[in-house]
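Working notes, beginning with the structure itself.
Bear in mind these aren't lab numbers, they're just calculated from the coordinates by the rules spelled out. As the structure is a prediction and not an experimental result, all values here were calculated from the model. Don't worry about glycine lacking a Cβ; one is built from the backbone with ideal geometry, like all the others, and counts go over all protein chains shown.
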Amino acid sequence: MNRDRSKLADFYVPNAKIVYNGNAFASGEAFASFLATATTSYQDMQSYDVQKVGGGSNLLVLVSGAVKYGDDKTNRGFSETFILQPTSGLFPYKVQSQGFRLVTN
């Protein structure tokens, strides 16, 4: 998403709940606006897991790894959790809930 963050909001349901390192966003549009001004980042996903939740078709996605921001060479650990909701549009699933947290300095 470093190349074209303008389409990021398309990946979220309209009432998505997003918390990015302690900052809450009430929609994909608000989160996309925040990221539009953020520096580039490079993620190295080291593990992930996906499970069905809620007795339906929603998916819980857990991701952990390392991230670098801009020209900083320091790897910082992160943990990210998504709840994906099935949709009937262009994307088969959209983000209903997302939580991102840096876990190291």
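In this entry, Ser88 is excluded by the filter for residues that are under 18 Å from Arg5 (Cβ atoms), among the small types (Gly, Ala, Ser) and without any contact (Cβ under 8 Å) to a residue 40 or more places away in the chain. Pairs meeting the criteria (first residue in segment 47-62 and without any contact (Cβ under 8 Å) to a residue 60 or more places away in the chain and farther than 13 Å from Pro86 by Cβ, second residue of a type in the set (D, E, K, R) and assigned to a strand (DSSP E or B), beta carbons under 7 Å, at least 6 apart or on different chains) are Leu62/Asp49.
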